[in-house]
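Here is the structure we will look at, set down as structure tokens.
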Amino acid sequence: MSEARHVRHVRHVLVLPDRDTAEEVAEALAERFGVTEEPQLVRDALAGEDDAEDAQWLVVVEDPDGVYDPAGLDGLAAEYEGWREAE
């Protein structure tokens, strides 16, 4: 009997310092990781702050088959002064 490999849907969230950086990272995802579905860009205002200067930007990458390398995504985010969170 063969065991079926259980694949878990993962959502990677790359937290970046500004919109321009988030857009660059979204482009790099297609080039480096073959991401075909356009990542979602989300402005994340810091708690209690209304000023756009105090906003982080999130690049949300859906990974339904769990194929994107978390360490590689960590490295990409770090290149742009950001980090990755998995949901």
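Go ahead and collect, in residue order, the members of the range 22-44 whose backbone nitrogen is under 12 Å from a label point 7 Å along the Cα-Cβ direction of VAL60.
Answer for the range 22-44: 39-44.
Put a dot 7 Å past each Cα toward the Cβ at ASP69 and HIS9; how far apart are the dots in nm?
According to this spin-label approximation, the distance is 2.6 nm.
Using a 1.4 angstrom probe with every protein chain in place, what is the largest-first accessible-area order of TRP57, TRP83? Before the final figure, lay out the partial values.
Numbers: TRP57 35, TRP83 115 Å².
So, going from the largest accessible area down, we get TRP83, TRP57.
The values are calculated or read from the model by the stated rules, or taken from the named source; none is laboratory data. Predicted, not measured: the structure shown is a model, and the values here were computed from it. Methodologically, a virtual Cβ is constructed for each residue, glycine included, from the backbone with ideal geometry; neighbour enumeration extends over all protein chains shown. Just so you know, the surface numbers come from the protein's heavy atoms only, side chains and all, with ligands and any DNA or RNA stripped out. Shrake-Rupley method; radii C 1.70, N 1.55, O 1.52, S 1.80 Å.
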